[in-house]
1. Quick one: would you say ALA422 is open to solvent by less than 40 Å² (accessible area, probe 1.4 Å), more than 16 Å from the ligand (Cβ to nearest atom) and over 15 Å from ILE463 (Cβ atoms)?
2. What are the residues in the range 287-308 that are open to solvent by 30 Å² or more (accessible area, probe 1.4 Å) and either β-branched (Val, Ile, Thr) or within 16 Å of the ligand (Cβ to nearest atom) (or both), if any?
3. Kindly indicate whether any position in the range 448-468 is open to solvent by less than 50 Å² (accessible area, probe 1.4 Å) and among the β-branched types (Val, Ile, Thr).
4. Run ASN327 past the list (1) in contact with a Leu (Cβ under 6 Å, 6 or more places away or on another chain); (2) farther than 20 Å from ASN258 by Cα; (3) more than 16 Å from the ligand (Cβ to nearest atom) and report the number of the one that doesn't hold.
5. May I ask you to verify whether PRO170 is within 29 Å of THR206 (Cβ to Cβ) and open to solvent by 80 Å² or more (accessible area, probe 1.4 Å)?
6. Mind listing whichever residues of the range 330-352 are outside any strand (DSSP E or B), within 16 Å of the ligand (Cβ to nearest atom), open to solvent by less than 20 Å² (accessible area, probe 1.4 Å) and hydrophobic (A, V, I, L, M, F, W, C)?
7. Does GLY407 satisfy the criteria of being of a type in the set (Gly, Ala, Ser) and more than 30 Å from GLU212 (Cα to Cα)?
8. From the list ALA6, ALA11, exactly one residue is open to solvent by less than 60 Å² (accessible area, probe 1.4 Å) and within 17 Å of ARG150 (Cα to Cα). Which is it?
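The values are calculated or read from the model by the stated rules, or taken from the named source; none is laboratory data. Note that the coordinates shown come from a computational prediction; the quantities given were computed from them, not determined experimentally. Every residue, glycine as well, gets a Cβ built from its backbone with ideal geometry; the counts of neighbours run over all protein chains shown. We work out accessible area using only protein heavy atoms, side chains counted, and drop any ligands, DNA or RNA first. Shrake-Rupley method; radii C 1.70, N 1.55, O 1.52, S 1.80 Å.
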Amino acid sequence: MLTTHATEKKANSIWKLHPAYSGSALHEQLAANEYKTVEELARQRSRALRSLLEYCYDLVPYYKEVFERLKIRRRHLREPGILQEIPILEKAMVAANADKLRPLYTAPDQRVTKTTRTSGTTGQPTIIHHDKRSMGMFPWLKQRELRWFRYDPMGTLLSIRPDVEQARAPDGDLLKKREILKLDSWPYTAELFQTGRSWGFINTNTIQDQVELLNKLKPNYLIMQSSGLEFISLQEISGEAKNNLRAVQGISNTLTPNMRAQVENALNVPVHQDYGLNEIGLVAARCPEGGRYHVHEEHCLVEIVDERSLKCVPGSTGRLVVTSLSNYAMPLLRYDADDLAEAVEGNCVCGRTLASFGAVHGRYRRTAFLPEGTFQRWAELQAAMYELAKNNLATVRKYQAYQDLTGAMELRIDCDEDIFIALRESCLQAYARAYKSNAAPPISVVRSKQFRGEMERKFQNFISEFTPESDL
Ligand SMILES: [Zn+2]
């Protein structure tokens, strides 16, 4: 469906700003930016980039050295394509140069207001400093994303996620198991906008407890990790709860196309996604109309690059690299997000002109070193489970596939005893079908309630020893 500046203005009008922010122009500006001409957006982008690069040239020791080494002078910073000459900034380099990435001098509005940690578990997390503008963009971009998803701000929302990602309970403690957090508004947008009620529940609660709560609260919106949504979709959700549900959002883990189809079919609502990094904030949101991700260009720039750090040709997959335009407290230029995504070209069917990229294929380290065909075989196993679970709701609660260094798979399933024999048989058949050669590594399918890394922040429904790094 084609959207226009007029449709977005109308969609914005149901979001009521708190009086303290009612004069803010940003609310309308964001919607207007979505329909600027490609030339206007390019001008806006190069202005913002030039101001950031000049700042880095003058004040940030790490970049002063980079520019000197590359013989880039201040006057070169206005040249188009200059960004592509700057080396990619990997996570380990941020850790090694954390102090040198901070400016020598900061203006009052560039002082640090908050810190976040680098995501990922390789080595020590690095502290990222954010200034007021960088942090301040978050609720505005969150609202833009929810406008694109056509959320009704007066609806109710249930958020099932790790305790550290939930708002604090009234006593200041982290939310505990089986405890329900009740809030008067939605997390993340509450500072700016009036919204309906919301609830928080931690993701380590059993699937049965999660379903019971969903059936009791009957929220309009549900947000949780993609793997959790997958498990919820295999359960028996009451008709009333399903009727009330208007959309769900999958976060944190990769949502494969078959997981998306499973959740959308079972719950009969759209699944929305965004893309963000602790290091940057919200980067992009998935367009409900076109299925690609639109970049929040007011806040950051995204490049999809190949092995030589050059722009990927449309249709190919490369590394996702982000430049934060808002954060002057610790500028990150061409930061390697350690994710793979598809490069796209041309305009999106929705009519928005913001830069975009295609499907996100998840952590580079999680996918690059797997034996060929691993994901296809895992997808076949998932499809076999979905098929059986669909006709026997609430009999399959959770599963996890594990691949060892010989390529052998173990599939652990928490399911009812009477369905296990049939489930095991259809999984074995699916695995054999997916393996075209005769040299299939062995697979075992076991019934279990024990899963690897269950208490970690993110539950992984697929773990491989070829990629031992967890992508917390
Ligand atoms: Zn679009």
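1. Working: open to solvent by less than 40 Å² (accessible area, probe 1.4 Å): no; more than 16 Å from the ligand (Cβ to nearest atom): yes; over 15 Å from ILE463 (Cβ atoms): yes.
Taking the combined requirement at face value, the residue does not satisfy it.
2. PRO288, GLU289, GLY290, ARG292, VAL302
3. To start, the set of residues in the range 448-468 that are open to solvent by less than 50 Å² (accessible area, probe 1.4 Å) comprises 448, 451, 453, 458-464, 467.
Restricting the remaining residues to those that are among the β-branched types (Val, Ile, Thr) gives 463, 467.
Looking through the range 448-468, at least one residue is open to solvent by less than 50 Å² (accessible area, probe 1.4 Å) and among the β-branched types (Val, Ile, Thr).
4. Among (1) in contact with a Leu (Cβ under 6 Å, 6 or more places away or on another chain); (2) farther than 20 Å from ASN258 by Cα; (3) more than 16 Å from the ligand (Cβ to nearest atom), ASN327 violates only (1).
5. Details: within 29 Å of THR206 (Cβ to Cβ): yes; open to solvent by 80 Å² or more (accessible area, probe 1.4 Å): yes.
Taking the combined requirement at face value, the residue satisfies it.
6. ALA343, CYS348, CYS350
7. Numbers: of a type in the set (Gly, Ala, Ser): yes; more than 30 Å from GLU212 (Cα to Cα): yes.
Considered against the rule, which asks whether it is of a type in the set (Gly, Ala, Ser) and more than 30 Å from GLU212 (Cα to Cα), GLY407 comes out as yes.
8. Numbers: ALA6 fails: open to solvent by less than 60 Å² (accessible area, probe 1.4 Å).
None of the other options fit; the residue is ALA11.
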